[in-house]
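The structure under discussion appears below in the form of structure tokens.
The values are calculated or read from the model by the stated rules, or taken from the named source; none is laboratory data. Not measured: the values here are computed from a predicted model. Please note: Cβ atoms are built from the backbone with ideal geometry, for glycine as well, and neighbour counts cover all protein chains shown. When the accessible area is computed, the model is the full protein with side chains, heavy atoms only, and any ligands, DNA or RNA have been set aside. Shrake-Rupley method; radii C 1.70, N 1.55, O 1.52, S 1.80 Å.
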Amino acid sequence: MRARNARGRIKVVSAVVATLLAGSMLAGCGDDGGSGSSDGKVTLDVGLFGTFGFQEAGLFDEYQALNPNIKIVQNDTEKEEDYWRALQTRLAGGSGMQDIQGIEVGRIADVVANQSDKWVDLNSLGLSAGNAEYLPWKSKAATTADGKVLGAGTDTGPMAICYRPDLFAAAGLPTDRDELARKWSTWEGYIELGKQFAASSPGKKTKFLDSVGGMFNAMIGQQATSYYDEAGKPIYDTNPAVKQAWDLATSAADAKLSASLQQFQSDWNQAFAADGFASISCPAWMIGYIKTQAGDGGKGKWDVAQAPGGTGNWGGSYLAIPKGGKHRKEAAALITWLTAPEQQVKMFQKQGNFPSKTGAIQSVKTTTDPYFDNAPIGQIFSSSAEKMPVQIIGTRHADIKDNMNTALSSVEAQGVKPDDAWKQARDAVKNALAS
């Protein structure tokens, strides 16, 4: 999820070349390797995590209407780390893969560096015709040193803050998105506003933010260098930017600003509709997630404002075809259609997933969203994307992130002292990288 030039090129710490991914319709064909379903249709199993939004935006239904011989079955796992763990087991065993598998941006370096033998080169299936449509960093991240393209980019994750104006008003805080953006132009300003909310919020039921882990991830997404340096060396424990983000996040926990929820768990999902928190660090893909969890009752209650710092990239994913998939040709055709600029525009307008193809980006800049009180989400997320730093993503980036978030959760939910949790985080990451 759900990824992350003028719009945030990612330098992956692997030898990669600048071969760009495609987005036009297939010119070639590949080995099918499987049979259709009992009704004569080819069933494409699509393995995803979180909320990619294809199904919610109606794209699967649209594609099936255009291609009556295709039946799409989505298999979704809510937590990306659970999804990835199960996928690794299937890859190791050589069976049980879906026809299409989603890959989170924090995993793509590992795929390129260590798993190229387990994934189909998409160029071999005719996906090279529209290479120039992608942002250069997006395609480069999924390309091996010898030019194999292992994933087609879906979205990117420019940052904002999503918030509840009604809950802000009840606490005596401003509600105008532009005024809020000025007041929380820095993360320190965001925390200060949170303290004002905590002091004035009636009933004390609602917390200012959902999770300090989410806030931490947003801050990390604003750094060109976070967990790895350009040489591929892990620097999670020595990089001042990581420690500064940690200290700010734990200060929010100490001030009791957080609802102490773990993102993508059931109680976090329920809190969207239950006034559990008033704001959330909001990469573009979170727009669709809020719509799903808050439902029709949340329409008009949420708004979107520029994030502290005005930029950042959190998330963005890829679609890939494992060599164990049955229907490579049909899977490649579906991937090509889903990642075409026209579909990326629809995804942003319906779900908030920000495009990774330049033509689509230009087309969404004036988009507003009635669910979010007609917030100018096209302008807000485009502005964030244009300022994105060039991010260095190492092979175990996602594992480091997961362990950092676990340690942060112990601070806000269990009262572990920040310094003790920092040591636990470093030890946990060290052990994870050694495995």
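When K256 is tested against (1) under 27 Å from M388 (Cα atoms); (2) basic (K, R); (3) part of a loop (DSSP other than H, G, I, E, B), only condition (1) is not met. Looking at K350, K329, K291, K346, just one residue is open to solvent by 10 Å² or more (accessible area, probe 1.4 Å) and over 27 Å from Q222 (Cα atoms), and that residue is K329. I'd like to verify a number: residues in the stretch 358-385 that are over 18 Å from P283 (Cβ atoms) and open to solvent by less than 10 Å² (accessible area, probe 1.4 Å), how many? Count: 0. Residues in the stretch 259-277 that are touching a Phe, Trp or Tyr at 6+ places or on another chain (Cβ under 9 Å) and farther than 21 Å from K401 by Cα: A271, F272, G276, F277. Filter the stretch 78-90 down to the residues that are open to solvent by less than 50 Å² (accessible area, probe 1.4 Å) and not in a helix (DSSP H, G or I) and list them by number. Selection gives K79 alone. Could you tell me whether the stretch 265-286 includes any residue that is small (G, A, S), in a strand (DSSP E or B) and under 30 Å from G153 (Cα atoms)? For the stretch 265-286, residues small (G, A, S), in a strand (DSSP E or B) and under 30 Å from G153 (Cα atoms): present.
Being more than 24 Å from G93 (Cα to Cα) and touching a strand residue (DSSP E or B) at 6+ places or on another chain (Cβ under 7 Å) is the filter; apply it to the stretch 104-134 and report the residue that is modelled with the highest pLDDT. Looking at residues that are more than 24 Å from G93 (Cα to Cα) and touching a strand residue (DSSP E or B) at 6+ places or on another chain (Cβ under 7 Å), I get N123. For the stretch 38-56: of the residues being part of a loop (DSSP other than H, G, I, E, B) and at pLDDT 95 or above, which is nearest to the chain's Cα centre (by Cα)? Step by step, filter the stretch 38-56, then rank; the result is F54.
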